[in-house]
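Here is the structure we will look at, set down as structure tokens.
Derivation of every value follows stated rules applied to the coordinates shown; laboratory data play no part. Remember, predicted model here, so these are calculated numbers, not experimental data. For neighbour counting, all protein chains shown are included, and Cβ atoms are generated from backbone atoms with ideal geometry for every residue, glycine included.
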Amino acid sequence: MNKALIICDAPKGVDFFRDFLIQNDCNEITVVESGEEARRRLVEQDYDVCLINAPLKRESGEQLSIDIAEKNICQVILFVKAEYIEEITNRVEDYGVITVSKPISRQMFWSALKLAKVAQRRITMAQKENVKLQQKLESLKTISRAKCLLISYMGMSEEEAHKYIERQAMDLRLTRLEVAKEIVRTYE
């Protein structure tokens with residue numbers, strides 16, 4: 001994880017989180033003291049992980065963790081007092097927020113950070129796959145549109161239009177998408 005956002009209004013907590021992240025190869029660390037400031041930063045920049053040391057001065061941190069998890073792709077780790085851990089975990093876990101009880105043990109923090117890294121990698125892989133599928137869908141739409149134009153203007157059947165696009169792609173050493181785009185440009 002390269003980019004981290006620490007949301008903490010306690011100087012000792014900030015030092016602890018920063019030192020721990022640096023030891024775990026986190027390169028860019030941003031520190032803010034309030035939920036409002038965190039929300040602004042998250043609009044400006046993406047982070048891999050957000051650490052929230054609850055409670056904050058103006059809010060509990062629970063709603064902030066939910067807001068961040070819902071609107072951003074970063075992993076959220078919420079640190080709460082041990083006496084509230086079960087109650088808060090039950091409210092935030094459906095949003096993908098990882099909760100850790102305070103006082104914080106280095107082993108528990110390390111485990112939470114590793115879990116967040118794994119989840120972040122899986123999300124990144126899913127996003128890449130999603131982009132590929134969207135591109136393929138757009139390609140199929142364009143090819144289908146070109147087939148429809150060939151059917152309308154050239155009187156071809158769907159099978160003939162399909163074969164025509166494939167034959168043109170092979171003859172001209174272009175992709176089917178490039179041929180389809182040229183057909184769409186010609187007839188529209």
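In the structure displayed, which of 128/181; 132/181; 3/71 lie more than 22 Å apart, Cα to Cα? Could you put the intermediate results ahead of the total?
Details: 128/181 24 Å; 132/181 19 Å; 3/71 17 Å.
Exceeds cut-off: 128/181.
In sequence order, what are the phi-derived ³J(HN,Hα) couplings for segment 90-105 according to the Karplus relation 6.51 cos²θ - 1.76 cosθ + 1.60 with θ = phi - 60°, rounded to whole Hz, with x for glycine and proline?
Here the 3J(HN,Hα) series is 4, 7, 9, 5, 5, 9, x, 7, 8, 10, 9, 7, 9, x, 8, 8 Hz.
For a quick check: with amide H placed at 1.01 Å from N, whose amide H comes under 5 Å from residue 76's, ignoring anything fewer than 5 positions away on the same chain?
When sequence neighbours closer than 5 places are left aside, the close amide H contacts are 50, 98.
Which shape class applies to segment 3-104: rounded if a/c is under 1.5, otherwise prolate when a/b exceeds b/c and oblate if not, where a ≥ b ≥ c are the square roots of the Cα gyration tensor eigenvalues?
Rounded shape, in that the Cα axes give a/c under 1.5.
Please list the non-local residues whose amide H lies under 5 Å from the amide H of residue 56, H modeled 1.01 Å from N, same-chain partners needing a gap of 5 or more.
Hits under the 5 Å cutoff: 61.
Going 7 Å from the Cα of residue 102 in the Cα-to-Cβ direction, what parts of segment 21-58 have a backbone nitrogen less than 11 Å from that spot?
Within reach of a label on residue 102: 52-57.
Kindly state, to the nearest 0.05, the FRET efficiency for residue 12 paired with residue 139, given R0 = 45 Å and r defined as their beta-carbon distance.
0.25
Taking the chain as the reference, fit the longest principal axis to its C-alpha atoms, fit the long axis of helix 106-154 to the helix C-alpha atoms, and give the angle between the two in degrees, 0 to 90, nearest 10.
It works out to around 20 degrees.
Mind checking which of 84, 95, 55 is farthest towards the positive end of the chain's charge dipole, using Cβ charges of +1 (Lys, Arg) and -1 (Asp, Glu) about the Cα centre?
The residue sitting most towards the positive pole is 95.
If I fit a long axis through the Cα atoms of helix 176-187 and take the longest principal axis of the Cα atoms of the chain, what angle between them do I get, 0 to 90°, rounded to 10?
Relative to the chain, helix 176-187 is tipped by roughly 60 degrees.
Between segment 1-57 and segment 105-170, how many Å separate their Cα centres?
If we compute the Cα centre of each part, the gap is 35 Å.
Give the angle, between 0 and 90 degrees and rounded to the nearest 10, that separates the Cα long axis of helix 62-71 from the longest principal axis of the Cα atoms of the chain.
Rounded to the nearest ten degrees, it is 20.
Using a Gaussian network model of the chain whose springs link C-alpha atoms within less than 10 Å, name the residue from 22, 52, 98 with the highest mean-square fluctuation.
The residue with the greatest mean-square fluctuation here is 22.
Could you tell me which label, among (i) 1.57; (ii) 1.31; (iii) 1.15, carries the value of Cα Rg over 2.2 N^0.38 Å calculated for this structure?
(i)
GNM, the chain, Cα, under 10 Å: largest mean-square fluctuation among 40, 173, 106?
Answer for the Gaussian network model of the chain: 173.
Would you mind calculating the gained length between residue 158 and residue 184 on full extension (0.36 nm times residue separation, minus the Cα-Cα distance), in nm to one decimal?
That works out to 7.8 nm of additional length.
Once label points are set 7 Å from the Cα along Cα→Cβ at both residue 89 and residue 130, what is their separation, rounded to one decimal in nm?
The two pseudo-label positions are separated by 2.8 nm.
Would you mind ranking 148, 8, 26, 50 so that the residue whose beta carbon has the fewest other beta carbons within 10 Å leads the list? Can you show the working numbers first?
On the way: 148 15, 8 23, 26 19, 50 27.
So the ranking, lowest neighbour count to highest, is 148, 26, 8, 50.
Take 91, 18 and order them by how many other Cβ atoms sit within 10 Å, fewest up front.
Taking fewest neighbouring Cβ atoms as first place, the list is 91, 18.
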